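Report on the following structure.
The values are calculated or read from the model by the stated rules, or taken from the named source; none is laboratory data. Only a predicted model underlies this, so the values are computations on that prediction, with no experimental measurement involved. Ideal geometry is used to build each Cβ from the backbone, glycine not excepted, and the neighbour counts take in all protein chains shown. We work out accessible area using only protein heavy atoms, side chains counted, and drop any ligands, DNA or RNA first. Shrake-Rupley method; radii C 1.70, N 1.55, O 1.52, S 1.80 Å.
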Amino acid sequence: MSEAEKEQAAQTRAIDKQMKRAQQEQNRIVKLLLLGAGESGKSTLFKQMQIIYGVNKGFTVAQKVNMKPVVHANIITNMKQLLSSTETHTPVTETNQGIMKEILAYAATQAIDEAMAGKLKTIWADEGVQKTWSNRGDIQVQDALEYYMASENIERISKEDYLPVEQDILRSRVRTSGIVEEEFEIDDTHFVMFDVGGQRNERRKWIHAFEDVHAVIFVAAISEFNQVLYEDNSQNRQDEAVELFRQMCELKWFEKSGMILFLNKSDLFREKLKTIPFKVTEGENKRNTDYTGAEWDPENPGTDAEFEQVYNDTKNYLIALYEKQAGGKEIYIHITCATDTNNITVIMNACKDIFLRNNLKDNGFA
């Protein structure tokens, strides 16, 4: 072999070694895919991962500045949607009709100042608005509006020097379109999480690119048992989430992936159980007709212990409902509140072992 050939062979070996090292590094990365129907809280969970494990352990000042108009737009857009729906639910009182017309004329891009905040607070306190809010199952409005409209929050948000805090950002909504990716470290293990659009028209973009993920985290909002889809007012959100979960469990692409189910929005679920029937056996809004557990009557509320029984029975019903969809596939279920950083920290630490176990298995170590 000539000197030139020896040199070429040495270069080839060096490149092969470098490629092997790169592949080993790539194999050590744990890939997670976030799935779920629209409005399930996927993107909130994604933001939590940035807060808990991201490089900055939260949001930078620049990110907070950029989120200020998003928070303002969320409030205005959702309030306008709610006010528009009062006509078919409970009308706004005569006294506040003028304020309602003013707010309906607001542009979503307007910055909320203190004068606007005063009008928003007045209309939010209106009896018709509150009754409509309480019966918003068929209205496409974010649950976060109640948080933003709390007196101390809307006053803070309307200040000229307002900078969003973590909870403001966690509860904000920018609909996910396409694929968003975030890298982070948990106990010296490198993770990559992918968040994808949850609406029906986004789902065709999900699957083909994620055959090699180590775990799928499917997020379902259990509080949405009486709500309808953004895209289809005739489709119950809970039914849609259950069916989507069944489809994901059956997909060949996820045969080797760990399947983790987050039954999310547990805080809103608890609140809603006190005012909205979980089981409805008659009419066009029938739901959970095979539920046989304890029920709560808002007209004749029982004791705290009786409510806890209702909460546990309904929660267990939903767990069993999702387990039926898995078709024998092993799933790991957690009850979550994606806006609660402590809750998500505990659960993600519990899930970490599942992620690592699947990563080792894929690399031939288990």
Could you tell me whether any residue of region 209-219 is at pLDDT 90 or above, open to solvent by 10 Å² or more (accessible area, probe 1.4 Å) and not small (Gly, Ala, Ser)?
-> no
Scan region 168-197 for residues that are in contact with a Ser or Thr (Cβ under 7 Å, 6 or more places away or on another chain) and assigned to a helix (DSSP H, G or I) and report the count.
-> 2
Write out, first by first residue and then by second, each pair whose Cβ atoms fall under 9 Å of each other, whose residues are 6+ apart or on separate chains, and whose first residue, in region 163-186, is under 13 Å from Gly54 (Cβ atoms) while the second is modelled with pLDDT under 85 and open to solvent by 60 Å² or more (accessible area, probe 1.4 Å).
-> Glu183/Val55; Phe184/Val55; Glu185/Val55; Ile186/Asn349
Take the residues in region 166-196 that are open to solvent by 60 Å² or more (accessible area, probe 1.4 Å) and over 15 Å from Leu33 (Cβ atoms), then tell me which one is modelled with the lowest pLDDT.
-> Ser177
Verdict on Ala326 being exposed (fewer than 15 other Cβ atoms within 10 Å of the Cβ) and either under 18 Å from Leu244 (Cβ atoms) or in contact (Cβ under 8 Å) with a residue 24 or more places away in the chain (or both) = no
Count, please, the residues in region 325-346 that happen to be more than 15 Å from the chain's Cα centre (by Cα) and closer than 19 Å to Ser40 by Cβ.
-> 5
So Gln235, is it surrounded by fewer than 21 Cβ atoms within 10 Å (Cβ to Cβ) and of a type outside the set (A, V, I, L, M) | yes
Restricting region 247-275 to residues that are touching a Gly at 6+ places or on another chain (Cβ under 8 Å) and either of a type in the set (S, T, N, Q) or open to solvent by 70 Å² or more (accessible area, probe 1.4 Å) (or both), which is farthest from Glu224 (Cα to Cα)?
-> Glu250
Is it fair to say Cys249 is out of contact with any helix residue (DSSP H, G or I) (no Cβ under 7 Å at 6 or more places or on another chain), closer than 14 Å to Phe218 by Cβ and not aliphatic (A, V, I, L, M)?
-> no
Within region 7-61, restricting to residues that are of a type in the set (Ser, Thr, Tyr) and either open to solvent by 90 Å² or more (accessible area, probe 1.4 Å) or farther than 13 Å from Asp195 by Cβ (or both), the one that is modelled with the highest pLDDT is Thr60
Looking only at region 146-160, which residues are surrounded by fewer than 20 Cβ atoms within 10 Å (Cβ to Cβ) and closer than 17 Å to Ile99 by Cβ?
-> Ser151
